[in-house]
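Chemist: Pasting a structure below so you can have a look.
The values are calculated or read from the model by the stated rules, or taken from the named source; none is laboratory data. Computed from a predicted structure; not experimentally measured. Here Cβ is always computed from backbone atoms with ideal geometry, including for glycine, and neighbour counts include all displayed protein chains. Only protein heavy atoms, including side chains, enter the accessible area calculation; ligands, DNA and RNA are left aside. Shrake-Rupley method; radii C 1.70, N 1.55, O 1.52, S 1.80 Å.
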Amino acid sequence: MNETRRAVLAAIADEAVSGPDLAARLDVSRAAVWKHIEALREAGFTIESDGGYRLVAVPDYGGPAIEFGLDAPFTIDYHDSLPSTNARARELAAEDETDVAVVANEQTGGRGRLDRAWRSPPGGIWLSVLCRPDLPPAHAPVLTLAAAVAVTEIAREHGVEAGIKWPNDVLVGDEETKLAGILTEMEGEADRVSWVVVGIGINVDPAGLPEDATGLRAHATDVDRRAFVQDLLERFAALRADPEEALAAWREHALTLGQRVRVSTGDGTIVGTARDVEFPGTLVVATDNGPVRVHAGDCEHLRPA
Ligand code: BT5
């Protein structure tokens, strides 16, 4: 949304303001004010015009709806349907964009790690944040941790008993059904990341998902996707600026620490007890042969039979 349109919305959010008054305050013509009001109405905002313009309702979801009232430095690139928000964010990266959150109502070719398919029916939260942090590529995993923490905390604010399985899964309850997954992709030079795309998929409706998956609405009655995405982006912005805090919060919300685990890496399998996570996201597993540090892999929690 452009600056003037944002300013029009902010001005009419709390009180009715006349067209001439708006024009004067924003230093634009009355015709321009009228054009912005019409465009906002077309985007789904309900604006009364009795005795001045006044905002009475915000659309449920969509780009302008998410941007309105968002207190985080991201513009929103919204689509009803995309193959994959990560793929779209990579395109934007190639166009030199940054600090954009790509959001889709549905994905037709959503991807997990290792090119696995990610089911993304309409009504879920599918989003990818494109940013250009001042980090060496080896430190980028801390952003995945930050995203997992942000999802977990906002889900908990909704009363959903969420926790994190290393490195990137948000699970719910004793059954540990999967609520959300994260796919981070990046491009970098030797010492500095060029761009990072943090793709976050959060199930909302529990229908149409794999068997071991769950959605927010299976655990919480009042889920407003717009507010959820705004809170999520605000929390993510705070955590990416404070990796120490992200790591501490990750430990606090971790389901994996203290558990018996089996971790498959590209090179083999490690079995032992998960002891800690170290910056930027390395899992420390105590094995019969001493501690092993794992940078990436698939982790399984082994339950006593
Ligand atoms: C992940 O991969 O968990 C990362 C998922 C990232 C999805 C987001 S959505 C927005 C952005 N755009 C994209 O295209 N991707 C990102 P992984 O740990 O590899 O888990 C994948 C596995 O989870 C699959 O092989 C299925 O078994 C399972 N799965 C597929 N869809 C699921 C869903 N909706 N909910 C829970 N589990 C699912």
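Rundown of residues vs (1) more than 9 Å from the ligand (Cβ to nearest atom); (2) open to solvent by 50 Å² or more (accessible area, probe 1.4 Å); (3) at positive phi, yes/no style:
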{"site": "G109", "(1), (2), (3)": "no, no, no"}
{"site": "G112", "(1), (2), (3)": "no, no, no"}
{"site": "L135", "(1), (2), (3)": "yes, no, no"}
{"site": "H139", "(1), (2), (3)": "yes, yes, no"}
{"site": "R156", "(1), (2), (3)": "yes, yes, no"}
{"site": "G159", "(1), (2), (3)": "yes, yes, yes"}
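Chemist: Right, something else. Residues of the stretch 77-102 being among the hydrophobic types (A, V, I, L, M, F, W, C) and within 9 Å of the ligand (Cβ to nearest atom), which ones?
Modeler: L82, A87, A89, V102
Chemist: Moving on. Given (1) assigned to a loop (DSSP other than H, G, I, E, B); (2) within 16 Å of the ligand (Cβ to nearest atom); (3) out of contact with any His (no Cβ under 8 Å at 6 or more places or on another chain); (4) β-branched (V, I, T), where does V263 come up short, assuming only one miss?
Modeler: (1)
Chemist: Here's a follow-up. Scan the stretch 39-54 for residues that are more than 28 Å from the chain's Cα centre (by Cα) and open to solvent by 30 Å² or more (accessible area, probe 1.4 Å) and report the count.
Modeler: So the answer is 6.
A quick yes/no check of all residues on (1) surrounded by 13 or more Cβ atoms within 10 Å (Cβ to Cβ); (2) modelled with pLDDT of 95 or more; (3) in contact with a strand residue (DSSP E or B) (Cβ under 9 Å, 6 or more places away or on another chain):
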residue: I12; (1), (2), (3): yes, yes, yes
residue: S18; (1), (2), (3): yes, yes, yes
residue: A23; (1), (2), (3): yes, yes, no
residue: I37; (1), (2), (3): yes, yes, yes
residue: V56; (1), (2), (3): no, yes, yes
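Chemist: If you go through the stretch 114-133 one residue at a time, how many are within 10 Å of the ligand (Cβ to nearest atom), open to solvent by less than 30 Å² (accessible area, probe 1.4 Å) and small (G, A, S)?
Modeler: The qualifying residues number 3.
Chemist: Something else now. Name every residue in the stretch 239-280 that is under 17 Å from N168 (Cα atoms), among the small types (G, A, S), outside the structural domain of E161 (by the TED database) and open to solvent by less than 10 Å² (accessible area, probe 1.4 Å), in order of residue number.
Modeler: A274
Chemist: Of everything in the stretch 217-238, what is of a type outside the set (A, V, I, L, M) and either modelled with pLDDT of 95 or more or open to solvent by less than 60 Å² (accessible area, probe 1.4 Å) (or both)? Give them in sequence order.
Modeler: Result: R217, H219, D224, R225, R226, F228, Q230, D231, E234, R235, F236.
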